[in-house]
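To start, I am sharing the structure in question, which I have written as structure tokens.
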Amino acid sequence: MNTTDTEIYEVVILGTGPAGLQAAIHAARAKTSVLVMGRETKSSLYRAHVENYCCLSEVSGEELLQQGIEQAKSAGADFLYEDVVQTTQTKSGFRIDTESGPSIAARSLILAMGVTRNRLGIPGEKEFVGSGVSYCVDCDASFYKGENVAVVGGESAAVSGALTLLFYANKVHLVASTLDVSEGLIESIEALDVQLHLERHAAEILGPDQVTGLRLGNGETISVSGVFIETGAKGAVELAATMGVALDSENFEIHRDR
């Protein structure tokens, strides 16, 4: 799609994940002019393996997103696979500045940018996403039946995730510098067979092609085939802030979003 400085859409949607695509399908079917902006590869669904979605027994996240894109295109939506540099409120709606240069005018704007998972930033994390590294226990626990796994994080999402994994995995390790959870959760993990590694931090995720281990900061190595990083997530609110939207800073961080 070629855009110009005078390109005007009734609806511009920022985000090519499931929420953005669903909004595009509905808006385009209502015969409004729709533009969807973003890259589907940045969606947290893109590298996921989906087996708990109604009417689909098993599908990759990439395939699911591609189907949604084709549906939206068939309904009449346009796509621009670029990031947004800035959004500005105008008298008639909004101006969206794109990374390639041209600005787009929109009468209405939908922010469907989802959340960004908090990452550890350690060697092996990025390389093994989808090959043993996961950010969602509820999504991926069933792929590790009978395996040894580790959960990294010290708040409620990590502890609850470790407890959930006990129904699937052979052995569950919980790695945390401290535990900031309720007494009830602490009692649960103490009573059950969760291997605690307190006052420790993850230093490196190991493996040639798939995850085979997790090295801790003290040099200890845990033999695991999966590492679940449950350290919360942050909403993509920066663009909303540029439009003068009132934001509650206490809600920027999402500790348990599933």
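Dividing the convex hull volume of the Cα atoms of region 113-155 by its residue count, what figure in Å³ per residue is obtained?
Each residue corresponds to 114 Å³ of Cα convex hull volume.
Taking the Cα-to-Cβ direction at E199 and at S60 and moving 7 Å from each Cα, how far apart do the two end points lie in nm?
Here the modelled spin labels are 4.5 nm apart.
Under the definition of Cα pairs under 8 Å and six or more residues apart, what whole-number percent is the relative contact order of the chain?
On the way: 552 pairs, mean separation 46.6, N = 258.
Dividing the mean separation by the residue count of the chain yields 18 percent.
With angles folded into 0 to 90 degrees, how steeply does helix 18-29 sit against the dominant principal axis of the chain? Use alpha carbons for both and round to 10.
Value to nearest ten degrees: 20.
What is the sum of charges around E220, taking Lys and Arg as +1, Asp and Glu as -1, for the other residues whose C-beta is under 14 Å from the C-beta of E220?
Local charge sum for E220: 0.
Taking just the alpha carbons, could you work out the radius of gyration and Dmax for region 39-100, both in angstroms?
15.5, 48
Sticking with this structure for a sec: Fully extended, how many nm does the chain gain between T212 and S92 (0.36 nm per residue separation, minus their Cα-Cα distance)?
Result for the pair: 37.7 nm of gain on full extension.
On alpha-carbon atoms, Rg over Rh for region 1-121 using Kirkwood Rh?
Values: Rg = 15.0 Å, Rh = 15.0 Å.
Computed over Cα atoms, the ratio is 1.00.
Going Cα to Cα from K126, which aspartates and glutamates come in below 16 Å? Please leave out same-chain ones fewer than 8 positions away.
Reachable aspartates and glutamates: E204, D209, E230.
Can I ask one more? Quick one: what do you get for the chain if you divide its Cα Rg by 2.2 N^0.38 Å?
Rounded to two decimals, the normalised Rg is 1.16.
For H49, project a label point 7 Å along Cα to C-beta. Then give me every residue of region 141-176 with its amide nitrogen under 11 Å of that point.
141-145
Output needed for region 58-132: three equivalent-ellipsoid semi-axes, defined as square roots of 5 times the C-alpha gyration tensor eigenvalues, in descending order, whole Å.
30, 20, 11
Just S43, S57, S223 to compare: in a GNM of the chain, with alpha carbon springs under 10 Å, which one fluctuates most?
In this elastic network of the chain, the residue with the biggest mean-square fluctuation among S43, S57, S223 is S57.
Can you pull the Rg over Rh of region 119-231, Cα-only, Kirkwood?
Working: Rg = 12.6 Å, Rh = 13.5 Å.
Using only Cα positions, Rg/Rh for region 119-231 is 0.93.
At a Cα cut-off below 27 Å, give the lysines reachable from K73, other chains included and same-chain residues fewer than 8 away excluded.
K31, K42
Quick note: the coordinates plus some simple rules give every number you see, no bench work behind them. In this text, all values refer to a predicted model and were calculated from it rather than measured experimentally. Every residue, glycine as well, gets a Cβ built from its backbone with ideal geometry; the counts of neighbours run over all protein chains shown.
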